[in-house]
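Report on the structure given below.
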Amino acid sequence: MATEVTPLTVKPLTERPSWQALEAHYKEIAGVHLRELFANDAGRAERYALEDCGLFLDYSKNRITDKTIKLLLQLAAESGLRDRIDAMFSGEKINITEKRAVLHTALRAPKATSILVDGEDVVPPVHEVLDKMAAFCNRVRSGEWKGHTGKRIRNVVNIGIGGSDLGPVMAYEALRYYSDRAMTFRFVSNIDGTDFAEAVIDLNPDETLFIVASKTFTTLETMTNAHTAREWSLAGLGGDESAVAKHFVAVSTNAKEVTKFGIDTANMFEFWDWVGGRYSMDSAIGLSTMLAIGPENFAAMLSGFHKMDEHFRTTPFEKNLPVILGLLTVWYTDFFDAQTVAILPYEQYLKRFPAYLQQLTMESNGKHVTLDGNHVTYATGPIYWGEPGTNGQHSFYQLIHQGTRLIPCDFIAFEKTLNPLGRHHAMLIGNVFAQSEALALGKTEVEVKAEGTPDWLVPHRVFEGNRPSNTILAERLTPEVLGTLIALYEHSVFTQGIVWQIDSFDQWGVELGKVLAQRIIAELESPTEPTGNHDSSTKNLIRRYRNDHH
Ligand code: G6Q
């Protein structure tokens, strides 16, 4: 078995000289305040800023010095990051536990490129599918594609879960401004029947197209919802089975299962096992996105992804946006013991962006063994969470400012708004800049007292500051910028995973619950008393449900 695991060519993380130097350096930095760092260094903001691919990253409000950056870059080098980036881009099977290439970057590679997996160039099929998607989307959007009763399609329901849902939902919300407003888009993911029931409650089956999006086409939630959708659709269309061809399309790697479901493979949009679920929104999984915003905007989004891919692949690490972002996350996670990262978009259209990033980051780097199967002796993937600003300011920001935990924050904002309304945008941006400033500098006892605050209240009103944050700015939220922003995080996650020496591309942690659920579902529904071997708590819960249903 040992031969199946790629031997590590770099030293274990904690034995790397840079790691040990960072441990010592952390002790020097721990007591240094961002106030001092800014006061003593007029060039700080300029020095710790990067701009490329339409994104501006200000990382000066981090607890770093030149030495920190030097050591973190050394860590990246000692981790073999350069070599691993090349390995990913060239289609090496870096997802070692599933023995798969990791080639979401091929999904946005220009036609002229060539990337070989097992001797076959994957770029031509990528473009064939994109062309097929575009032709289909144009037919639906123009009204040429008719439903079973001759009506045009006005509603699109994407049925998928996890990677086959979060990207499409996020992208639809993020790019709603560019979407066809004459069409309605809904997303059904949960096995909870309420999700489906509410999604179709006001829809007319004559005008509704379902996209069954599932890489494997065997996922419990998606297949259950797809069958329910089929019944709903057929019931509304007079029960004629041939209606399925006009109202259902599939996105999958599994042609056999798609056919079994009754969807003609002519209506199937293919993708490949080298696309991980959480990295699949650029593949045919993005069909709902393309239906909403049109093929041209979808292509613009892909070009944004590709720009960041090229930046990541070719830019020296000290100027490399995802590398710097990823290394800063390692810095806080492993040396400051930060448990989480807050993603705070000051852009209403990005309201689902934190949820999307939760899967991207936590399913990728929530791992406790290294590539060679040893238990890690350091912290890996932090918890990502967040909400759009300014809403969060009126709820959980209290804890970020004055709580006992260190929460590095990523603020994301746009210089121009898509919906100019009076002074709204200046107020929005004023808030985001104020938050990062307040987090960094805080408010001292002297300052609080100087405002005439009574002594007893002073401690409550002091802000310690020294809370780190990044600010990511772009000019305007466009499809291209969205692509660039997502790729920024994809590659930041990759950078972290390489330093931690984990497999960022598998997800075994979701398996156990799935298997147990299948067993328990059978026990809940069984007419005879179940004899399954469970702990007493689970047994009681099963009994309780059965008492109500049998
Ligand atoms: C993502 C995961 C997971 C997956 C869903 C849906 O990286 O693998 O979220 O996307 O379980 O899987 P299917 O697309 O196969 O239905």
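Of everything in segment 397-412 that's of a type in the set (Val, Ile, Thr) and under 22 Å from the mean Cα position of the chain (by Cα), which residue is nearest to Gly277 (Cα to Cα)? In this case the residue turns out to be Ile412.
Candidates in segment 371-396 are the residues that are among the small types (Gly, Ala, Ser) and assigned to a loop (DSSP other than H, G, I, E, B); of these, the one that is farthest from the chain's Cα centre (by Cα) is Gly373.
Conditions (1) among the acidic types (Asp, Glu); (2) in contact with a helix residue (DSSP H, G or I) (Cβ under 6 Å, 6 or more places away or on another chain); (3) exposed (fewer than 15 other Cβ atoms within 10 Å of the Cβ), marked per residue:
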position	(1), (2), (3)
Arg423	no, no, yes
His460	no, no, yes
Glu464	yes, no, yes
Pro479	no, yes, no
Thr484	no, yes, no
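Per the listing Thr219, Thr208, the residue uniquely buried (at least 18 other Cβ atoms within 10 Å of the Cβ), among the β-branched types (Val, Ile, Thr), under 23 Å from the mean Cα position of the chain (by Cα) and closer than 20 Å to Ser164 by Cβ is Thr219. Annotation note: of Trp274, Trp331, the sole residue that is away from the ligand (no atom under 16 Å from the Cβ) and more than 30 Å from Pro205 (Cβ to Cβ) is Trp331. Take the conditions (1) crowded, with 24+ Cβ neighbours inside 10 Å; (2) more than 16 Å from the ligand (Cβ to nearest atom); Thr194 misses just one of them, which is (1).
Taking Lys11 as the residue in question, decide whether it is touching a residue at least 24 places away in the same chain (Cβ under 8 Å), of a type in the set (D, E, K, R), in a loop (DSSP other than H, G, I, E, B) and crowded, with 17+ Cβ neighbours inside 10 Å. When the stated conditions are applied, Lys11 does not pass them. Val169 meets the conditions (1) within 16 Å of the ligand (Cβ to nearest atom); (2) more than 22 Å from Pro479 (Cβ to Cβ) in every case but one. The failed one is (2). Applying a threshold of 9 Å to beta carbon distances and a minimum spacing of six or more residues, or different chains, the list of pairs starting in segment 219-236 at a residue that is within 10 Å of the ligand (Cβ to nearest atom) and ending at one that is among the aliphatic types (A, V, I, L, M) and assigned to a helix (DSSP H, G or I) reads Leu220/Ala517; Leu220/Ile521.
May I ask you to verify whether Ala24 is within 31 Å of the chain's Cα centre (by Cα) and in a helix (DSSP H, G or I)? Spelling it out, it is not the case that Ala24 is within 31 Å of the chain's Cα centre (by Cα) and in a helix (DSSP H, G or I).
Checked against the criteria, Glu490 does not count as more than 24 Å from the chain's Cα centre (by Cα) and either charged (D, E, K, R) or farther than 23 Å from Phe336 by Cα (or both).
Residue-wise test of (1) assigned to a helix (DSSP H, G or I); (2) touching a residue at least 40 places away in the same chain (Cβ under 8 Å); (3) on the phi < 0 side of the Ramachandran plot.
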residue: Gln398; (1), (2), (3): yes, no, yes
residue: His401; (1), (2), (3): yes, yes, yes
residue: Phe411; (1), (2), (3): no, yes, yes
residue: Ala426; (1), (2), (3): yes, no, yes
residue: Ile429; (1), (2), (3): yes, yes, yes
residue: Val458; (1), (2), (3): yes, no, yes
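So, of the residues in segment 277-308 that are part of a helix (DSSP H, G or I), among the charged types (D, E, K, R) and under 25 Å from Phe187 (Cα atoms), which turns out to be nearest to the ligand (Cβ to nearest atom)? Selected residue: Arg278.
Restricting Ile69, Ile64, Ile85 to residues that are part of a loop (DSSP other than H, G, I, E, B), surrounded by 16 or more Cβ atoms within 10 Å (Cβ to Cβ), within 29 Å of the chain's Cα centre (by Cα) and β-branched (Val, Ile, Thr) narrows the list to Ile64.
Per the listing Arg154, Arg186, Arg176, the residue uniquely charged (D, E, K, R), over 27 Å from the mean Cα position of the chain (by Cα) and away from the ligand (no atom under 16 Å from the Cβ) is Arg154. Taking the conditions exactly as written (surrounded by fewer than 22 Cβ atoms within 10 Å (Cβ to Cβ), hydrophobic (A, V, I, L, M, F, W, C) and either away from the ligand (no atom under 14 Å from the Cβ) or in contact (Cβ under 8 Å) with a residue 12 or more places away in the chain (or both)), does Phe261 satisfy them or not? Yes, satisfied. Might you check whether a residue that is in contact with a Gly (Cβ under 9 Å, 6 or more places away or on another chain) and modelled with pLDDT of 95 or more occurs anywhere in segment 257-271? No, segment 257-271 contains no residue that is in contact with a Gly (Cβ under 9 Å, 6 or more places away or on another chain) and modelled with pLDDT of 95 or more. Scanning segment 154-163 for residues that are without any contact (Cβ under 8 Å) to a residue 60 or more places away in the chain and either part of a strand (DSSP E or B) or crowded, with 20+ Cβ neighbours inside 10 Å (or both) yields a single hit, Asn155. In this structure, is Ser114 on the phi < 0 side of the Ramachandran plot, among the hydroxyl-bearing types (Ser, Thr, Tyr) and free of Cβ contacts under 8 Å to residues at least 12 places away in the same chain? Yes, satisfied. Name the residues in segment 237-256 that are more than 16 Å from the ligand (Cβ to nearest atom) and either touching a His at 6+ places or on another chain (Cβ under 9 Å) or among the charged types (D, E, K, R) (or both), would you? If the condition is that a residue be more than 16 Å from the ligand (Cβ to nearest atom) and either touching a His at 6+ places or on another chain (Cβ under 9 Å) or among the charged types (D, E, K, R) (or both), then Leu237, Gly238, Asp240, Glu241, Ser242, Ala243, Val244, Ala245, Lys246, His247 are the ones that fit.
This table checks each residue for (1) within 16 Å of the ligand (Cβ to nearest atom); (2) among the charged types (D, E, K, R); (3) within 28 Å of Phe353 (Cβ to Cβ); (4) outside any helix (DSSP H, G or I).
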site: Val493; (1), (2), (3), (4): yes, no, yes, no
site: Ile498; (1), (2), (3), (4): no, no, yes, no
site: Asp503; (1), (2), (3), (4): yes, yes, yes, yes
site: Asp506; (1), (2), (3), (4): yes, yes, yes, yes
site: Gly509; (1), (2), (3), (4): yes, no, yes, no
site: Val515; (1), (2), (3), (4): yes, no, no, no
site: Ile521; (1), (2), (3), (4): no, no, no, no
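For segment 431-456, which positions are assigned to a helix (DSSP H, G or I) and of a type in the set (Lys, Arg)? Matches in segment 431-456: Lys449 only. Residues in segment 309-320 that are in contact with a helix residue (DSSP H, G or I) (Cβ under 7 Å, 6 or more places away or on another chain), under 17 Å from Asp86 (Cα atoms) and not in a loop (DSSP other than H, G, I, E, B): Asp309, His311, Phe312, Arg313, Phe317. Here are some residues: Glu475, Glu529. Which one is in contact (Cβ under 8 Å) with a residue 60 or more places away in the chain, over 19 Å from the mean Cα position of the chain (by Cα) and more than 16 Å from the ligand (Cβ to nearest atom)? Checking each option against the conditions leaves just Glu475.
The values are calculated or read from the model by the stated rules, or taken from the named source; none is laboratory data. Source: prediction; values computed, not measured. When we count neighbours, we look across all protein chains shown, and the Cβ atoms used for this are built from the backbone with ideal geometry, even at glycine.
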